[in-house]
Every structure is written in structure tokens, then in C-alpha cells.
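These notes are about the structure you will find just below.
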Amino acid sequence: MPSQNNNNTVILVEGLSVKRGAAPVLQEITFEVKRGEMIGLIGPNGGGKTTLLQALLGLIKPSAGRILMFGLPAGNLGPVREKIGYIPQNRSYDRRFPLSAEDVVMTGCYSPRTLLRALRREEKEACREMLAAVDALHLAARPFGDLSGGEQQRVLLARALVRRPELLLLDEPSTGLDLNVQQLFLERLRLLQQNYGLTLLLVSHDIVSLAGLADRLLCINRTMHIHGEPQQVLHSPALQKAYRCTYDLLEMAATSEEDPDG
Amino acid sequence: MAEMFSYSFMQHALLAAVLTGALCSAVAFFVVLKRLSFLGVGISHTALAGIALGLVTGLDPFWCGSAFAVATALATGHISRRGRLYEDTVIGIFFAAGMALGIALLSSLRGYYPEIFSLLFGNILSVSAADLRLLAAVAAIVLLFIAIFFKELLAISFDEETAVASGLPVKFLYFGLLAAMALTVMVSVKLVGIVLASALLVIPAATGYRFSRNYRTMFCLSLATGIGGSAGGLILSYFLDLPSGAAIVLFMALIFVISLLYRPRDG
């Protein structure tokens, strides 16, 4: 059980419990994320993955336990917030919302530091640089709503990275994308992680792809069911218990990859 | 036309129309993008209760109405953000309750109150210099709020969750926008009345939204529709001898209908 925080620890969660009203959503969650790690967060729908991310961002108050982000409590992140990038759960944006891809990336620059002033030239340049880094510079002037799902995700990735965060939290970023685009997105993520020295915490239902890329998997369903290296987690009976299913999840995932129409 | 503006009441009316048009269209930009149109309807109708309270008690009807409008806007925002009820449900209740209270209070009045009719349907031709000063002060406050926080208001209209995660003061911005809406509705009452005030918070930006997928152009088109529609409607009312509030709203609606004929290239 982690108890010490040091410079190498980016996220430290100890005995975290969260309630919505009287209902417990998370109970006794404990884990630690080290600098440079890529962590896959898995678990069934309604298991509390999004709630956990929101608690890490300080958007939800824990009912018990503590969260330290870069050594500071999640409820009082202050300047540390600048070190955290976030991509919320994939959703359909208003197709006619009058923002171009570049405008969307610019919204990623906005923070308490930029209140009461216009964006500086270097901040605007950073937006174009980041669009180039995700291979989306050619989309800069296009209305965001006209982009395909995969293109939108690349733009949102550029938005999350434009302030050069050290930690990136992603909530099911590839949901709704086809298998090929999902795979490309995850590979791009791994590359960006290496280039920018990022620490990643990624929620996904694509267990098999995630297992091929992540350093560790955390499986939660209200409580922490299992965490460890991907192969250890994938072959553990605790995984089936977390998903409350009797069939082999890996076998099922492999079958669906071989026969995508089936 | 020159003869028309030789009257000082018409000069006041034109100035009020231009100021209100500019103010409403700037606020309308965010009302349309944040989908708060129905809240505008709710606020204006609830204000009737405050105005009626002012008339019954002898307090200033404008300030009583404003207090009710701001309280309604903030309460609606507060209740719907707690997630227990949908925003339109809360507005539906406040809207009806506010109107009911207004009607109940007005029924207790004895005698003739011409201001009731002008509050319901507007009377821009009776705008005084004091009304203009009040309108200018409200416009200055609201437009300053929008100018200072424009990019942040745009960000919360697009993706509020990420704005919260970035540490932006989302609650302050959201409730500030609601209060700005309420004050804008109240100063618009002089122009077009309670019944039609909410139209000015929708039509200008909806027209800009039809024409452009770029927020800068949309904002400019919204301003042009708001100012042009208010001034044009006023001039039209003079020549066609129509009530000015109705003429302004109808003229703006006509611009919007024409915009529907325009087929955007990119969508």
C-alpha cells in the first residue's frame, strides 16, 4: 500500500471513497501512479471510472481517503492544475457550434492565468504546433463540427496538450471510433507520451489494445478489483468477477477482433 | 425620415432602440450558443410578478421587476445545476407561477394604470432621458462583463466540463451570464414589453448562427441584426402606424425568415 509521496509520484490515492447522495460510488480505492507511466483504467459501465477521474481533478469531493496530485490535495490543486490535461468522455458536440479546429485548441489555453487578458502570440503559436503534433494542422481552419470522429479526437488531444501538461487524463477517448482509428489513436498517444514525457491515465473498454500499450492496468467496479501488469490482470479471475461475467473476456475480445462483423 | 427624427421623443426612441439592440444581440450570442432561449422567456414573464408588486406597494416597478428577474434566473440556474430537475422543468414552473402572482397582484389594483399596458407590450416612444441613462448604465455593465470574459464564456458554452477541469471560474461565469440576461430582459421591456422581450435575446444571434460557422462573424451578424432590426422596426412602426414593440420583433423575425432561405455552403 502506498503511503509516501515523492517527486516521482504523480498521483497518490489512498483509501478513497466517494458517495453520490447516500449511495457509495467508489470505496476504499488505493493506488499510485509514477512519472512516465501509462496506466489503463478498466472496469464495467457504472463502475466509477469517470467518477474517479473527476475526483482526481478535484471536481468531486471524496467522502473518505485522500488524493494527492503532484503532492497537492486534489481539492486544492492551484498551480498544479496547469500540469494536468484532460479529455472528457467522447460525446457528440453541436455540429454547428461556430468554432474552427484551431479555436477549439485555443480553448485549451484558457485558465485562471489567462483571465482578463487576450491570448499571447506564443500561446497561439503553441496551438498550431500542437495541431501539427497530432497531424491535424491541415484541419485548423475547418469547422470543428465538420470533422470526423477520429479527427475531432485528434483536435481534442491537441487541446488537452497545448499547455504542455505532465499528466494526461483521458476518459474513453476512443469510444465510438472504428477499430482501426482506435488503434491509431492509442499508438499516437504512446508516441506523444514518449516525445513529451507524459504520464497517462486512460479509461477504455478496449482491454486488449490497452493491455498491449499500458504499463499497468487498474480494474475497478466500485472497489479496486485488481491492479498490476497487463498480463497478470488479464488472466486473473478477479477481472471476470469485476465484470460480473462467466465467459472469458480475453477470448471474447480476440473473437470480435478476428470477426468484426460477427 | 428627417421629419420623423425632428421630434425629440423619436430621437430618444432611436437611441434606445440602437442601445437595446446592441445589448440584446451581444447577450443573445451566448443565449443561443448555451441554449438558454427558454430561460429568457421564463425570466421576462416572471418579471411581471415583480413589476406588479412594485405597482401595488408603490416601489419602483422597474427595480422590483429586475429583482424578480435576477432572482428567477439565478434560482433556475441553481436548481437545474444541482441536477435534481431539468432546466426547462424549473423554468416552466417559475414562468407560470410568476405570471400567476403578477395577475393576482394586478387584480387587486383599483383605478387606471396605463403603465401596465406599456410594460406588457412596450412603449419606446415614451422613453425619457432618465430611462436612457438607466439603459446606458445597464448596457455598459453587461457589455463590459461580456467583453472581459468573452473567451471564457465561449469556452463554457462549448464544453463546460473541460472548462471546469481547467480551473476556470465556471459558476461565476454561468451565474454572471444569467444575471446579465435578466438585466437585459428588464431594459428591453421598455422597448418591446414583457411579452416580446425574450425575442430580442434569440432572433439576432439565431440569424447570425444561420449565416456563419465562425464565431467572430456570427457575433458581428448578431449585432447587425439586433441594431438594424430594432432601428428598422422603429422606423417601420412610424410609417405603418404599428405598435413599435410588435414592429421591431416582426421586422427581426422577417430578417430571420429571410436567413432561412440562405443555404450555407458548408452545411
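As a footprinting exposure proxy, order B:H12, A:H227, B:H45, A:H138 by other Cβ within 10 Å, with the fewest listed first.
Going from sparsest to densest Cβ surroundings: A:H138, B:H12, A:H227, B:H45.
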3J(HN,Hα) from dihedral phi, the stretch B:102-119, Karplus parametrisation 6.51/-1.76/1.60, rounded to Hz, x for glycine, proline: x, 5, 4, 5, 5, 5, 7, 6, 10, x, 9, 10, x, 5, 5, 4, 6, 5
Extension gain (nm, one decimal) between A:Q232 and A:A64, 0.36 nm per residue minus Cα-Cα: 57.6 nm
Reduced Cα scattering model of the stretch A:1-94, Debye log10 I(q)/I(0), q = 0.15 Å⁻¹: -0.60
Largest to smallest principal axis extent of the C-alpha atoms in the stretch B:4-259, angstrom: 55, 40, 30
Base-10 log of normalised Debye intensity for the protein assembly as shown (one unit scatterer per alpha-carbon) at q = 0.08, 0.10 Å⁻¹: -0.62, -0.87
Dipole moment magnitude, nearest 20 debye, the protein assembly as shown about Cα centre, only Lys, Arg, Asp, Glu C-beta charged: 1160
Mean Cα-pair separation over length for chain A, i.e. relative contact order, pairs under 8 Å, 6 or more apart, %: 24
Cα gyration tensor shape for the stretch B:178-267, rounded if a/c is under 1.5, else prolate or oblate: oblate
Phi-based couplings in Hz for the stretch B:172-181 (Karplus 6.51, -1.76, 1.60; Gly and Pro marked x): 4, 5, 5, 6, x, 5, 5, 5, 4, 4
Amide H contacts under 5 Å for A:T223, placed H, 5+ residues apart: A:Q27
Percent of alpha-carbon pairs separated by more than 31 Å within the stretch A:9-258: 25
Cα→Cβ-extended label distance, 7 Å offset, between B:T57 and A:R190, nm: 6.9
Inter-site label distance for B:V257 and A:K241 at 7 Å from Cα along Cβ, in nm: 6.9
Long-range tail of P(r) for the stretch B:65-202 (Cα pairs > 22 Å, %): 47
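Every read-out reported here was derived from the displayed coordinates using simple, explicitly stated rules and does not represent laboratory data. Quick caveat: nothing in here was measured; it's all calculated off a predicted structure. When we count neighbours, we look across all protein chains shown, and the Cβ atoms used for this are built from the backbone with ideal geometry, even at glycine.
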